[in-house]
1. If each residue of separation counts as 0.36 nm, what is the full-extension length gain between Glu244 and Leu179 once their alpha-carbon separation is subtracted?
2. For Cα pairs less than 8 Å apart in space and 6+ apart in sequence, what is the mean separation divided by the residue count of the chain, i.e. the relative contact order in percent?
3. Where in the chain are the DSSP H helices whose C-alpha atoms run 20 Å or more along the long axis and whose mean Kyte hydropathy is at least -0.5?
4. Rounded to a whole number of µm²/s, how large is the Stokes-Einstein D of the chain at 25 °C and 0.890 mPa s, given Rh as the Kirkwood radius over C-alpha pairs?
5. Give a quick list of GluC sites (Glu not before Pro) in segment 105-183 that DSSP marks as loop, anything other than H, G, I, E or B, with at most 14 other Cβ atoms within 10 Å.
6. Starting from 0.36 nm per residue, how many nanometres of slack lie between Glu28 and Arg194 once their C-alpha separation is accounted for?
7. Taking the Cβ-Cβ separation of Phe223 and Thr54 as r and a Förster radius of 30 Å, what is the calculated FRET efficiency to the nearest 0.05?
8. Ranking Arg162, Arg205 by Cβ neighbours within 10 Å, fewest first, what do you get?
Amino acid sequence: MNMNVEELRTFFARRVVGRRIEYFEEVESTNSEALRLAQQGAPEGTVVMADAQTRGRGRLDRVWESPPSKNLYLSVLLRPDIPAVSSSLIPLMTGVAVAEVVAQYCPGRVRLKWPNDVLVGGKKICGMLTEMRTRGDRVQFVIIGIGLNVNMARLDFPRGLRETATSLRIETGCEAQRLDAAARLFEQTERWYRIFLQGDSAAIRETWLRYADIVGRRVEVVFGNGVQRGTVSGLDASGALVLEGETGAQRVLAGDVYIERL
């Protein structure tokens, strides 16, 4: 272990995010471990961290490359006392929190890709996976998984990802302290979670749109075998992407968004 996790435990013991930290040298998936702890009654703010994952998961059942001693792999357990239908902004909230952390290292170069991939210079530097369990019509708990590429060199990535993925090290030209990046993630996640609980959905949507920079652009959204096309007009109250097309406004709830090239 080359991260002094005890420093994080001491610093965040009296906060929400990070009040309990479970660290593993290797785990299949931090989300899977957080799910197990949540079902055992772990408190809100519990964080599962790992030096490496053997089965890191991304959105749409994709694999997240998780080599040891390079990056941050962590999952945060939240227990908001809200109706399940009100949880749809949590992925966007997480994207904003991570974007603000990455922007501290790469100011002016960070973009969000709907719903919450974080890009620098058009390349993916962080992915997130949000999973939720409900009891009746209310949220029982939410797990936010974050994989942030910190010290990967270009050749550390599999050949098929070298042109589309990046890291803080690649973008800044120097190694970053994973402990410092983790502390910043804890702080920003808690900050934006408080904003979410206060009901300030407008602040989340407006900040997300500022980082996304896609309002007014024509996009296509691919989900399975389907494709939606239109011009982005914004986000609705639930966080769905709104496209204006030939048949009027359409809401996008899932998929991969690509800006159409003229």
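1. Contour length minus Cα-Cα distance gives 19.1 nm.
2. Details: 528 pairs, mean separation 41.6, N = 262.
RCO, the chain: 16 percent.
3. Numbers: long enough: 90-105 (23 Å, 1.34); 178-197 (28 Å, -0.40).
TM-like helix candidates: 90-105, 178-197.
4. Details: Rh = 18.8 Å.
Here the translational diffusion coefficient equals 131 µm²/s.
5. Working: sites: Glu131, Glu163, Glu171, Glu175; in loops: Glu163, Glu175.
Answer in residue order: Glu163, Glu175.
6. Values: separation 166, 0.36 × 166 = 59.76 nm, distance 3.00 nm.
Gain in length upon complete extension: 56.8 nm.
7. On the way: r = 28 Å, r/R0 = 0.94.
E between Phe223 and Thr54, to the nearest 0.05, is 0.60.
8. Values: Arg162 13, Arg205 20.
The order, fewest Cβ neighbours first, is Arg162, Arg205.
Values quoted throughout were computed directly from the atomic coordinates according to the rules given, and no laboratory measurement underlies them. Since the structure is predicted, the reported quantities are computational estimates derived from the model, not experimental observations. Here the Cβ is made from the backbone with ideal geometry for all residues, glycine too, and neighbour counts use every protein chain on show.
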